[in-house]
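I have placed the structure first, in the form of structure tokens, so that the comments after it can refer back to it.
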Amino acid sequence: METLKPGDRAPDFSVSDIHGNPVKLFDYGGRKVLLSFFRFATCPFCTVRFVRLTQEAERYAQQGVEIIAVFESSRDYIHEYLNKRPLPFPVIADPEGELYARYGLKKSVKGLLFGMFRMPTLLRALFDPAFHLGKPDSSVLRIPADFLIDSNGRITDSYYGSDIGDHIPFKRIDYFAGTGVQAGVA
């Protein structure tokens, strides 16, 4: 599949989150959605980003933005590594990469190599005891992506990462939420 662009209809999906609750994108009609695709549950870059997103979730919910997270890990692996902290939004396990394909996510050796230059994030994840890291259970070449979806189910911003640690900047999410206020450093 090709990459999705602003104005495209967000591909619908109907899956269960890691707790067995149904998640159907079009059930979010009338609300704004941040659909965030991560790599695997123990990715140091994704772990730091995921924690930050959980910290911002309540603020975004108050601004009318719902969050859905997708990991290319198994449900059991996500439970083992991420379920130790609050999960204020649905988290979907997609170890077969079906949603990744539907949304046009790629894998890249170049993205893996360039991602290693994000040393502050990598060091934080490796040496902070709050982050529980382990071996990958899916492709280390997966590149993350984020999609801001409006209340009509249209993509307003599609952000395909350039490397393994690249996610949409928080200031773009804030702008989408309607505040125009930067939440912090991305």
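In segment 153-169, what count of residues is obtained for those that are closer than 27 Å to Asp27 by Cα and among the acidic types (Asp, Glu)?
Residues meeting the conditions: 1.
How about segment 6-102: which strands (runs of 3 or more DSSP E) wholly inside it have at least 3 residues that are surrounded by fewer than 21 Cβ atoms within 10 Å (Cβ to Cβ)?
Filter on segment 6-102 gives 14-16, 22-24.
Mind checking which pairs have a first residue in segment 58-71 that is within 15 Å of Ile18 (Cα to Cα) and a second that is part of a loop (DSSP other than H, G, I, E, B) and at pLDDT 95 or above, Cβ under 6 Å, 6 or more apart or different chains?
So the pair list comes out as Ile67/Phe89; Ile68/Pro90; Val70/Asp94; Phe71/Phe38.
Give the residue that is nearest to Leu141 (Cα to Cα), with candidates limited to residues of segment 1-47 that are touching a helix residue (DSSP H, G or I) at 6+ places or on another chain (Cβ under 6 Å) and among the charged types (D, E, K, R).
Applying the filter and picking the extreme gives Arg39.
Report whether or not Leu34 is hydrophobic (A, V, I, L, M, F, W, C) and under 21 Å from Tyr81 (Cα atoms).
No; evaluated as a whole, the condition is false for this residue.
Limited to segment 144-173, what total is found for residues that are in a strand (DSSP E or B) and either on the phi > 0 side of the Ramachandran plot or among the β-branched types (Val, Ile, Thr) (or both)?
Here the count works out to 3.
Considering only segment 144-166, how many residues are at pLDDT below 95 and either under 12 Å from Arg49 (Cα atoms) or crowded, with 22+ Cβ neighbours inside 10 Å (or both)?
Matching residues across segment 144-166 total 4.
Select from segment 69-100 the residues that are among the aromatic types (Phe, Trp, Tyr) and at pLDDT below 95 and write down the one among them that is farthest from Arg9 (Cα to Cα).
This residue is Tyr81.
Could you list, ordered by first residue, the pairs with Cβ atoms under 6 Å in which the first is in segment 80-109 and over 24 Å from Glu56 (Cα atoms) and the second is among the polar types (S, T, N, Q) and outside any strand (DSSP E or B), at least 6 apart or interchain?
These pairs meet every condition: Pro95/Ser74; Gly104/Thr3; Lys107/Ser139.
If Tyr103 meets every condition in (1) of a type in the set (Ser, Thr, Tyr); (2) modelled with pLDDT of 95 or more; (3) over 15 Å from Asp146 (Cα atoms) apart from one, which number is that one?
Exception for Tyr103: condition (3).
The values are calculated or read from the model by the stated rules, or taken from the named source; none is laboratory data. Owing to the predicted nature of the structure, the values given are computational and were not obtained by experimental measurement. Reconstructed Cβ throughout: ideal geometry from the backbone, glycine too, with neighbour counts over all protein chains shown.
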